[in-house]
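Engineer: Before anything else, here's the structure in question.
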Amino acid sequence: MTATNKLPATTPVSRTTFDEVIVPTYAPSTMVPVRAKGLDLWDQEGRQFLDFTAGIAVNSLGHCHPDVVHTLQQQAEKLWHVGNGYTNEPALELARALVAATFADRVFFCNSGAEANEAALKLSRKYATKNGHAHKTRIISCVNSFHGRTLFTVSVGGQPKYTEGFGPLPADLTHIAFNDIDAARAAIGDDVCAVIVEPIQGEGGVMPATTEYLQTLRELCDKHGALLIFDEVQCGMGRTGQLFAYMGYGVVPDVMTSAKALGNGYPIGAMLTTNAIAAALAVGTHGTTYGGNPLATSVGLTVLRTINVPSFLQRVKHASKTLILALQGLVQEYPQVLKEVRGSGLLLGVELTPAYAGRAKEITKLAEEQGLMVLIAGPDVLRFAPALIVSDEQIQEATTRLRRALVKFISA
């Protein structure tokens with residue numbers, strides 16, 4: 001029996017099509033993007049939008065960056081994929097570049113931030129077992145954290161709304177308050193194999209960790225023989241004005257995860273660690289079909305080489321100051337709606353006042369009507385994660401469009 005095409009070939013593909021054929025795990029906008037360049041994006045109707053989401057901190061060099069496009073085109077004509085019984089030159093080059101740029105000695109490539117964190121968490125338990133500490137199985141993470149959507153990572157993440165209905169969940173997981181040193185001291189003991197933390201909580205409301213908090217986690221992990229894992233999936237790759245956020249804190253983790261901006265939109269993830277820790281994962285103990293794919297790693301190398309330049313990172317810091325000042329200006333203009341600006345680099349959040357709690361999504365929809373794409377970080381926070389190449393003029397234009405949205409929001 002042959003399958004039949006249920007839709008005529010001439011049926012237009014629209015947002016309505018999403019509701020007909022896509023599993024309803026998302027509630028996307030009614031507008032459908034079709035092309036983009038830099039921070040400019042156009043939908044099916046030809047309307048222009050200023051993208052201050054960067055695909056949730058992914059397109060850090062903007063859409064269709066010419067160097068990235070060129071790299072992908074070149075690699076596509078050479079080698080697309082080989083099984084993990086082989087290696088390839090782009091993967092080796094990117095691994096070597098990441099090692100040279102960070103604390104790490106070894107890199108494991110995968111396809112997403114969730115997979116990178118899954119690898120880090122599995123590694124932590126394997127490392128404890130291999131070193132004769134089979135009792136060290138407990139993993140500490142923070143309330144309101146987000147580490148991915150696999151069953152393991154979503155359980156480690158500290159947001160119950162993402163685990164509801166998926167039980168029974170993995171065991172030996174403890175969630176503590178973020179930035180609470182006393183809670184960390186009380187929770188971390190000799191049965192802990194790892195502590196995982198985001199230097200800046202993204203989904204949890206754009207909350208930066210304090211230096212004292214991360215330093216304390218480092219001290220406690222050293223004391224109890226636990227691995228300190230930094231999840232830099234969202235805050236890494238230049239987003240804070242440092243190549244990775246840990247560099248600005250002066251606190252070095254044992255394991256670090258990266259994804260999102262590493263591929264500027266091409267799926268790739270990476271787990272970085274040291275020789276001694278990596279040795280716990282022998283041949284066959286972990287793997288992936290597409291991790292280290294030559295297409296993804298060639299793109300990642302171009303992205304890394306573009307971002308990891310002092311002048312580029314200095315420009316990110318300048319843009320951050322400009323955007324913070326602009327957002328603080330809006331807070332002063334609309335104090336009844338906007339409470340405060342927080343974050344680091346070009347990962348910033350604006351919290352709503354209690355009077356408008358839970359209504360951040362309404363503001364993002366109104367901003368979209370004004371041609372501005374912004375994110376939320378929970379129901380009470382507007383999140384801004386523009387491409388790192390954002391100009392002062394684009395920041396000014398985004399502020400103007402957001403102001404128009406706020407006027408409509410207040411008058412509604």
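Engineer: Hey, if you put +1 on the Cβ of every Lys and Arg and -1 on every Asp and Glu Cβ in the chain, which of Val255, Thr274, Leu41 ends up farthest toward the positive end of that dipole?
Structural biologist: Positive-most Cα among the choices belongs to Leu41.
Engineer: Restrict the search to segment 91-189; then list the chymotrypsin sites (Phe, Trp or Tyr not before Pro) that DSSP places in a loop and that have at most 14 other Cβ atoms within 10 Å of their Cβ. If you can, show how the numbers build up before the last one.
Structural biologist: Numbers: sites: Phe103, Phe108, Phe109, Tyr127, Phe146, Phe152, Tyr162, Phe166, Phe178; in loops: Phe103, Phe146, Phe166, Phe178.
Taking segment 91-189 and a limit of 14 other Cβ atoms within 10 Å, the loop chymotrypsin sites (Phe, Trp or Tyr not before Pro) found are Phe166.
Engineer: Here's another thing I want to ask about it. Efficiency by 1/(1 + (r/R0)^6): what FRET value for His224 and Asn275, r their Cβ-Cβ distance, R0 = 25 Å, to the nearest 0.05?
Structural biologist: Efficiency for this residue pair is about 0.70.
Engineer: Could you work out how much longer the chain between His70 and Val34 gets when fully extended? Use 0.36 nm per residue separation minus the Cα distance between them, nm to one decimal.
Structural biologist: Working: separation 36, 0.36 × 36 = 12.96 nm, distance 2.01 nm.
Extra length from His70 to Val34 when fully extended: 11.0 nm.
Engineer: Could you give the length gained by full extension between Ile410 and Val283, i.e. 0.36 nm per residue of separation minus their alpha carbon distance, to one decimal place?
Structural biologist: Additional length available on full extension: 39.8 nm.
Engineer: Of all DSSP beta bridges located in the chain, what percent are antiparallel, nearest 5?
Structural biologist: 65
Engineer: Order of 262-268, 72-78 by packing, highest average Cβ count within 10 Å first?
Structural biologist: Highest-to-lowest ranking by the protection proxy: 262-268, 72-78.
Engineer: Here's a follow-up. Which value, in debye to the nearest 20, describes the size of the charge dipole of the chain about its Cα centre when Lys and Arg Cβ atoms bear +1, Asp and Glu Cβ atoms bear -1, and nothing else is charged?
Structural biologist: Working: 35 positive and 37 negative charges, 37 e Å.
The calculated dipole for the chain is roughly 180 debye.
Engineer: How much area per residue is accessible in segment 1-152 when the probe is 1.4 Å and only protein heavy atoms are counted (Å²)? Don't skip to the answer; put the middle values down first.
Structural biologist: Working: 9050 Å² over 152 residues.
I get 60 Å² per residue for this part.
Engineer: Separate question: Report which label in (i) 63, 57, 51; (ii) 197, 49, 48; (iii) 65, 46, 37 holds the value of Cα extents along the principal axes in Å derived from the coordinates of this structure.
Structural biologist: Identified label for the calculated read-out: (i).
Engineer: Further question: Full-extension gain between Tyr162 and Ile181, please, as 0.36 nm times their residue separation minus the C-alpha to C-alpha distance.
Structural biologist: Fully extending the segment from Tyr162 to Ile181 adds 4.3 nm.
Engineer: Can you put His175, His224 in order of accessible area, largest first, using a 1.4 Å probe?
Structural biologist: His175, His224
Engineer: Ranked from highest to lowest mean number of other Cβ atoms within 10 Å per residue, what is the order of the peptides 321-328, 28-35, 246-253?
Structural biologist: Descending mean neighbour count gives 246-253, 321-328, 28-35.
Engineer: A further question on this structure: Would you be so kind as to identify which of Ser124, Val233, Thr87 lies farthest towards the positive end of the dipole of the chain, taking Lys and Arg as +1 and Asp and Glu as -1 on Cβ and the Cα centre as origin?
Structural biologist: Comparing the listed Cα positions along the dipole, Thr87 ranks first.
Engineer: Per DSSP H run of n ≥ 4, the term is -39500 (n - 2.57); total these for the chain, divide by its residue number, and report the mean residue ellipticity at 222 nm rounded to 500 deg cm²/dmol.
Structural biologist: Values: 14 runs with 156 residues, N = 412.
Roughly -11500 deg cm²/dmol at 222 nm, from the helical runs in the chain.
Engineer: Return the carbon/sulfur percentage of the accessible area of the chain, one whole number, probe 1.4 Å, all protein chains in place. Could you put the intermediate results ahead of the total?
Structural biologist: Numbers: 10350 of 18890 Å².
Looking at the chain in its full context, I get 55 percent from C and S.
Engineer: Per-residue HN-Hα couplings for segment 275-282, Karplus 6.51 cos²θ - 1.76 cosθ + 1.60 at θ = phi - 60°, whole Hz, x for Gly and Pro?
Structural biologist: After applying 6.51 cos²θ - 1.76 cosθ + 1.60, I find 4, 4, 7, 4, 4, 5, 9, 7 Hz.
Engineer: Where does the charge balance sit around Ala57 when Lys and Arg score +1, Asp and Glu -1, over other residues with C-beta under 10 Å from its C-beta?
Structural biologist: Around Ala57, the surrounding residues sum to +3.
The values are calculated or read from the model by the stated rules, or taken from the named source; none is laboratory data. Note that the structure is a prediction, hence the values are computed from the model and not measured. Methodologically, a virtual Cβ is constructed for each residue, glycine included, from the backbone with ideal geometry; neighbour enumeration extends over all protein chains shown. Accessible surface areas use protein heavy atoms only, side chains included; no ligands, DNA or RNA. Shrake-Rupley method; radii C 1.70, N 1.55, O 1.52, S 1.80 Å.
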